[in-house]
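The values are calculated or read from the model by the stated rules, or taken from the named source; none is laboratory data. Keep in mind the model is a prediction, meaning the values are calculated, not measured. Virtual Cβ from ideal backbone geometry, glycine too; neighbours counted across all protein chains shown.
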Amino acid sequence: MSVSWFKYAAPMNFYPLAGKLIPLFWILAIALIGFGLYWGFFQTPDVLSDQKQYYRIIFVHVAASWMGMWLYAMMVFWGLVGLVFNTRLSFMMAQATSVTGALMAFIALASGAVWGKVSWGTWWDWDPRLTMSLILMFLYIGYIALHSAIDNSRRADKASAVLSLVGLAIVPVIYYSVNCPNPNECGSLHQESSFKGVESNILLAMLVTALGFWMYSFATILMRVRNIILERDMNTKWVSKL
Amino acid sequence: MKARQKRLIFVLLGVVAVIGASFLINKAMQGNFYKLYTPQEVLAGEVPTGQTIRIGGLVKEGSLKRSDTELEARFVVLDKHKNEVTIVTNKILPDLFKEGKSQIARGILKADGIFYAEEVLAKHDANYMPEEMKDIVTEQHTPVKDGVK
């Protein structure tokens, strides 16, 4: 039973499995994001109690923000598995996750800036949640930079896994960063995150798009991990047979 | 003890340390991330005049007056004790800026007691509802806080 699971921890066996999974995740990603955005743009109310059409950036913004946080946790998880069990594939997964995570963190910040300019009246503010999200993006960039600065890939893996673990402290902070006892007395612009005041069509579109972003992330991470496997196992027999 | 178990313990200690750090950062951020003055503090004279600060509060109903010839707008902000401060700005007000809603103004308090804002930001709530549905939801879920309305 357990043997068959660990079989895919070997890059040689994981490579073809990933190749089979990638098209599946792409199809799911396109279908879910397509449906989510269609529903979000055409089946939701045009004017809300305070916001107008521009609120619809929420579908991209929320999905990307969630992915930015989840992928960071995933990257740390793979790094820690690698540190404990010394499995090469886990480190490769962590490395592959970092780029997609950085992209998601960037999309979250950029879409938030556009939305903020229209609604709040500013592109950027040193609001707790905004500041912490910026730090999250820098953590991704730091991880990528550290990893590529060390030539020995085993050492690079370990060093950047430890660095990513330290940064994990930020993720819950982003999540809880809008708990202000009285919103009128604290300087944060970002409103609390809560489903209870969200109209059901908006909620549906938001959740489906977020699920689609998950599938997109899986697809790109697997594509990237396949490249990393090839690069690192360049001199092995099984790669030269491909 | 095997090397793998040792590594596992180190990693777990690391995770515990990170959770602790995260908890402390969260605690620290419950307070003000940076200082936002309330109208009460302005009236009590606790606000430095002549330097850039930020004032938060609700925009008083019926207080917004726009100049006929210029961009200048003038409004009153309230805190929960109904203290009032007049704010003057000649910048474009954001789309969400409305009477009865929360705002943050950045600017300078002059000696005449009027706050001259170089930037006015609007805050919004977590409601994503058409107008008619919102009333139903807010009635059910959020009790009216004393003083705010």
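Whether any residue in segment A:159-173 is within 28 Å of A:Pro11 (Cβ to Cβ), in a loop (DSSP other than H, G, I, E, B) and not acidic (Asp, Glu) is what I want to check. Yes, some residue in segment A:159-173 is within 28 Å of A:Pro11 (Cβ to Cβ), in a loop (DSSP other than H, G, I, E, B) and not acidic (Asp, Glu). Hey, does segment A:130-148 have a residue that's of a type outside the set (Phe, Trp, Tyr), within 9 Å of chain B (Cβ to nearest Cβ) and out of contact with any strand residue (DSSP E or B) (no Cβ under 7 Å at 6 or more places or on another chain)? Yes: one or more hits. Which residue pairs have Cβ atoms closer than 7 Å, lie 6 or more positions apart in sequence or on different chains, and pair a first residue in segment A:190-203 that is at negative phi and more than 7 Å from chain B (Cβ to nearest Cβ) with a second residue that is in a loop (DSSP other than H, G, I, E, B) and of a type in the set (S, T, N, Q)? Sorted first by the residue in segment A:190-203, then by its partner, the pairs are A:Asn201/A:Gln43; A:Asn201/A:Thr44. Looking only at residues in segment A:87-101 that are aliphatic (A, V, I, L, M) and surrounded by 21 or more Cβ atoms within 10 Å (Cβ to Cβ), the one that is nearest to A:Met74 (Cα to Cα) is A:Ala94.
Considering the conditions (1) assigned to a loop (DSSP other than H, G, I, E, B); (2) more than 7 Å from chain A (Cβ to nearest Cβ); (3) modelled with pLDDT under 85, B:Ile92 is excluded by exactly one of them, (3). When the test is whether a residue is among the β-branched types (Val, Ile, Thr), more than 25 Å from A:Arg129 (Cα to Cα) and modelled with pLDDT of 90 or more, B:Val85 passes it. A single member of A:Ser217, A:Ser240 is over 23 Å from A:Phe25 (Cα atoms), assigned to a helix (DSSP H, G or I) and polar (S, T, N, Q), and it is A:Ser240. Selection of segment B:42-76 for residues being among the β-branched types (Val, Ile, Thr), touching a Lys or Arg at 6+ places or on another chain (Cβ under 9 Å) and not in a loop (DSSP other than H, G, I, E, B) yields B:Thr52, B:Ile53, B:Ile55, B:Val59, B:Val76.
To keep it simple, each residue is scored yes or no on (1) surrounded by 14 or more Cβ atoms within 10 Å (Cβ to Cβ); (2) in a strand (DSSP E or B); (3) touching a Gly at 6+ places or on another chain (Cβ under 7 Å); (4) of a type outside the set (D, E, K, R).
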site: B:His81; (1), (2), (3), (4): no, no, yes, yes
site: B:Val85; (1), (2), (3), (4): yes, yes, no, yes
site: B:Val88; (1), (2), (3), (4): yes, yes, no, yes
site: B:Ala105; (1), (2), (3), (4): yes, yes, no, yes
site: B:Asp112; (1), (2), (3), (4): no, no, no, no
site: B:Ala117; (1), (2), (3), (4): yes, yes, yes, yes
site: B:Leu121; (1), (2), (3), (4): yes, yes, yes, yes
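All conditions in (1) within 11 Å of chain A (Cβ to nearest Cβ); (2) closer than 16 Å to B:Leu64 by Cα; (3) among the aliphatic types (A, V, I, L, M) hold for B:Ile114, with the sole exception of (1). Taken over segment B:1-59, residues that are under 24 Å from B:His81 (Cα atoms) and without any contact (Cβ under 8 Å) to a residue 40 or more places away in the chain amount to 11.
For segment B:4-30, residues that are closer than 13 Å to A:Val166 by Cβ and surrounded by 12 or more Cβ atoms within 10 Å (Cβ to Cβ) total 9. Checked against the criteria, A:Ser133 does not count as buried (at least 16 other Cβ atoms within 10 Å of the Cβ), modelled with pLDDT under 95 and either among the acidic types (Asp, Glu) or not in a helix (DSSP H, G or I) (or both). Set side by side, the residues A:Tyr54, A:Tyr15 differ, and just one is outside any loop (DSSP other than H, G, I, E, B), surrounded by fewer than 18 Cβ atoms within 10 Å (Cβ to Cβ) and over 16 Å from the mean Cα position of the chain (by Cα), which is A:Tyr54.
A quick yes/no check of all residues on (1) hydroxyl-bearing (Ser, Thr, Tyr); (2) touching a residue at least 60 places away in the same chain (Cβ under 8 Å):
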residue: A:Ser65; (1), (2): yes, yes
residue: A:Met69; (1), (2): no, yes
residue: A:Met74; (1), (2): no, no
residue: A:Phe77; (1), (2): no, no
residue: A:Asn86; (1), (2): no, no
residue: A:Gln95; (1), (2): no, yes
residue: A:Thr100; (1), (2): yes, yes
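Within segment A:190-205, one or more residues are at pLDDT 90 or above and within 19 Å of the chain's Cα centre (by Cα).
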